[in-house]
Amino acid sequence: MINKKLYNIGTLGKPHSLNGYLYINHEIFFRIFSFKNKKVYINNREYEIKEIKKHLKNRFLVKILKIDNIDSAEKLRNYEVSISIEEIDHYLNNGLPWPGFYINEILNDNIKILGYFYSDKYIFCNVWDNEEVVIPYNDHYFAYENKKLILKNKLVN
């Protein structure tokens, strides 16, 4: 059996409509991706996304394959939606993967990603390099090469 490392990217909300749609509150990083025909894990069970679409007030709805009624959808309410680390190359934004994959990981030069946060449409990472430093998460400072995240430019001397 392959041990899959799963990462939570969101939570399912209340059902919307009789056809089995659910609200999904997922990471801002992933909101540009369609997820159509992609596999996700809900309560550690594999599912396939049939559709994901933007709804009112910047909210999103998700339709999961074989969840076709409100009763089936209600059973998934409040569960976390996860993806596997094996899917990392499907989720690159401007050449960079989601920083959540690298929390508490050591990058080059013993630099550790402590966390990340959003400010407007931008992502910033808290990193440890002899002290905690906040660095913009963009291709000026980071690169994803040979399936590894590296820090290209440091802010501290």
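Among the residues of region 58-78, is any in a strand (DSSP E or B), free of Cβ contacts under 8 Å to residues at least 60 places away in the same chain and either farther than 18 Å from K39 by Cα or not assigned by TED's automatic domain parsing to the domain that holds F29 (or both)?
Filtering region 58-78 for residues in a strand (DSSP E or B) gives 59-64.
Imposing the further condition that a residue be free of Cβ contacts under 8 Å to residues at least 60 places away in the same chain reduces the set to 59-64.
Still in the list and also either farther than 18 Å from K39 by Cα or not assigned by TED's automatic domain parsing to the domain that holds F29 (or both): 59.
Yes, region 58-78 has at least one match.
Would you call N78 among the polar types (S, T, N, Q) and either at pLDDT 95 or above or touching a helix residue (DSSP H, G or I) at 6+ places or on another chain (Cβ under 6 Å) (or both)? Steps first, answer last, please.
Numbers: among the polar types (S, T, N, Q): yes; either at pLDDT 95 or above or touching a helix residue (DSSP H, G or I) at 6+ places or on another chain (Cβ under 6 Å) (or both): yes.
So N78 fits the description; yes.
Name the residue, out of L114, L92, L151, L61, that is more than 19 Å from the chain's Cα centre (by Cα) and among the hydrophobic types (A, V, I, L, M, F, W, C).
Working: L114 fails: more than 19 Å from the chain's Cα centre (by Cα); L92 fails: more than 19 Å from the chain's Cα centre (by Cα); L61 fails: more than 19 Å from the chain's Cα centre (by Cα).
Of the residues listed, the single one that is more than 19 Å from the chain's Cα centre (by Cα) and among the hydrophobic types (A, V, I, L, M, F, W, C) is L151.
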Among the residues of region 140-157, how many are at pLDDT 90 or above and closer than 25 Å to G10 by Cβ? 3
Can you confirm whether region 27-35 contains a residue that is of a type in the set (S, T, Y), within 11 Å of the chain's Cα centre (by Cα) and assigned to a loop (DSSP other than H, G, I, E, B)? no
Residue set V127, V133; condition outside the structural domain of I24 (by TED's automatic domain parsing), surrounded by 18 or more Cβ atoms within 10 Å (Cβ to Cβ) and either touching a Leu at 6+ places or on another chain (Cβ under 8 Å) or modelled with pLDDT under 90 (or both); output residue V127
Identity of the residue in region 44-57, over 16 Å from P15 (Cβ atoms) and not in a strand (DSSP E or B), that ends up modelled with the highest pLDDT: N44
Taking only region 104-154 into account, find how many residues are of a type in the set (F, W, Y), in contact with a Lys or Arg (Cβ under 9 Å, 6 or more places away or on another chain) and not in a loop (DSSP other than H, G, I, E, B). 2
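The values are calculated or read from the model by the stated rules, or taken from the named source; none is laboratory data. This structure is a prediction, so every number in the text was calculated from the model and none was measured. Ideal geometry is used to build each Cβ from the backbone, glycine not excepted, and the neighbour counts take in all protein chains shown.
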